[in-house]
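Working notes, structure below.
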Amino acid sequence: MNRADILVIGGGVAGLSAAAALARHGRVVVLEAEEAVGVHSSGRSATFSHYGIGNHAVRALTAWSRPFFAKGVAERAAALFVASVEMLPELDALEAEMARFTGGLRRVGEAEMADLFPPLRVGREGAVAGCVDPDGLRLDSDAMLQGYARAVRAAGGEVLTGRRVARIAPAWIAVTESGEEWTAPVLVNAAGAWADAVAKLAGVRPLALRPLRRTIVIIDAPAGADVRSWPFVKTAVDDFYILPEGGRLAASPVDEIESGPCDAQPEDYDVALAAWKIERYTSLSVARILHRRAGLRTFTVDRVPAAGFAADAPGFFWLAGQGGYGLQTAPAMAAITESLIAGGPWPDGLAELGAGPAEVGIGRLAPPAPGRQPLS
């Protein structure tokens, strides 16, 4: 029997960031089912941090996490939110909400939008107004994942890949498909789209999480264009976004397709929809799709990530529902996880921003867990 103080199931950004924080308090072992970390949602996102996604609590988690990204895993880049005539009320509301978390927002008209992102359609058939946030961040997801994994190992823990958990017994014992057994008094369920399935293995009531598939396509940049300075562009309503990626352009139709937990693959219809929306919102002609990918964005009922001990299973800790903002909120969620498991205070300033225990804690989704002693 292999022993640890804390077992973490899931080697995406949620599990690894939490493991890195918890490694300060005991021996942490991460069990990842795939042969590498970050294979699913963490490795398939748009890797851009911005305030135009989620609700108030998500923006609070994003704002609190920002100082972490000064450590060399992100670079500053503008985000441009655009609106057709019909979308103007949504742009007004979005700008007002973002202004609570970021300075420097400014309204722009058709000429400046076209200057910032030359292929953007403007005018009656396109965008008539926009809002620029100069403080968006392009994230390096691989640097984040590997940095967290190094921190776990440096503290004496382990990050083990190819360890798909097949059985879980209370108190807690996790048995992998190969028959390895790991035990720890605390088990952190950070399994992303598989989090409800892990709970069922452990005999814990699921949270009714919803994995939703999203598609991203990669296309050529216009001939001769240097797209590196172009902003992330998103419609004021959740209909389309496009951004530079590796000298090319990545775009999404912002689809949300119901799915079970799986190795998500793009469907032909959604790829075609992405191409159609590129040509609808920009002057780009999609002659070929260079690459396509899909990932699962897993949500709680209120679309806010959840962290806390299960009411029906002492020592079983939920870290789930990161949706499409796992990368940009990981530092805050890791700090919350550390505070709840190690017995410290709620992260300083986070509740004041709007992401306190009532918004993020598991109690809003299930009865509160019985009291337990923090780790010594």
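Filtering the stretch 85-119 to residues that are within 14 Å of Asp133 (Cβ to Cβ), of a type outside the set (A, V, I, L, M, F, W, C) and under 24 Å from the mean Cα position of the chain (by Cα) leaves Glu95, Glu97, Arg100, Thr102, Gly103.
Beta carbons closer than 6 Å, at least 6 apart along the sequence or on distinct chains, pair a first residue in the stretch 1-18 that is within 17 Å of Ala197 (Cα to Cα) with a second that is assigned to a helix (DSSP H, G or I) and open to solvent by less than 10 Å² (accessible area, probe 1.4 Å) for Val8/Gly15; Val8/Ala19. Evaluating Ala287 against the criteria (1) at pLDDT 95 or above; (2) out of contact with any helix residue (DSSP H, G or I) (no Cβ under 8 Å at 6 or more places or on another chain) leaves one unmet condition, (1).
On inspection, Asp196 does not qualify as more than 24 Å from the chain's Cα centre (by Cα) and either modelled with pLDDT under 95 or over 18 Å from Ile341 (Cβ atoms) (or both).
Please indicate, with yes or no, whether at least one residue in the stretch 133-144 is open to solvent by less than 50 Å² (accessible area, probe 1.4 Å), within 30 Å of Asp115 (Cα to Cα), hydroxyl-bearing (Ser, Thr, Tyr) and under 20 Å from the mean Cα position of the chain (by Cα). Yes, the stretch 133-144 has at least one match.
All conditions in (1) assigned to a helix (DSSP H, G or I); (2) touching a strand residue (DSSP E or B) at 6+ places or on another chain (Cβ under 6 Å); (3) modelled with pLDDT under 95 hold for Gly324, with the sole exception of (1). Specify the residue that is modelled with the lowest pLDDT; the eligible residues are those in the stretch 349-376 that are in a loop (DSSP other than H, G, I, E, B) and of a type in the set (Gly, Ala, Ser). Here the residue is Ser376. Looking at the stretch 285-298, which of its residues are of a type in the set (A, V, I, L, M, F, W, C) and surrounded by fewer than 20 Cβ atoms within 10 Å (Cβ to Cβ)? Matches in the stretch 285-298: Val286, Ala287, Ile289, Leu290. Cβ-Cβ distances below 7 Å connect the following pairs, each with a first residue in the stretch 340-351 that is on the phi > 0 side of the Ramachandran plot, a second residue that is surrounded by 17 or more Cβ atoms within 10 Å (Cβ to Cβ) and assigned to a helix (DSSP H, G or I), and a separation of six or more residues or different chains: Gly349/Trp64. The requirement of being at pLDDT 95 or above and assigned to a loop (DSSP other than H, G, I, E, B) is fulfilled nowhere in the stretch 328-336; no residue meets it. The strands (runs of 3 or more DSSP E) falling completely within the stretch 1-118 that include 2 or more residues that are surrounded by fewer than 20 Cβ atoms within 10 Å (Cβ to Cβ) map to 74-83, 106-108.
For the criterion of being outside any loop (DSSP other than H, G, I, E, B), farther than 24 Å from Val13 by Cβ, of a type in the set (A, V, I, L, M, F, W, C) and open to solvent by 40 Å² or more (accessible area, probe 1.4 Å), Ala223 fails. Only one entry of Trp276, Trp318, Trp346 meets the criterion of being surrounded by fewer than 23 Cβ atoms within 10 Å (Cβ to Cβ), touching a Gly at 6+ places or on another chain (Cβ under 8 Å), aromatic (Phe, Trp, Tyr) and modelled with pLDDT of 95 or more, and that entry is Trp346. When the stretch 173-189 is limited to residues that are open to solvent by 10 Å² or more (accessible area, probe 1.4 Å) and outside any strand (DSSP E or B), the one that is farthest from Ala33 (Cα to Cα) turns out to be Pro185.
The values are calculated or read from the model by the stated rules, or taken from the named source; none is laboratory data. Everything numeric here is computed off the predicted structure, so don't read it as measured data. All Cβ positions, glycine included, derive from the backbone under ideal geometry; neighbour counts span all protein chains shown. We work out accessible area using only protein heavy atoms, side chains counted, and drop any ligands, DNA or RNA first. Shrake-Rupley method; radii C 1.70, N 1.55, O 1.52, S 1.80 Å.
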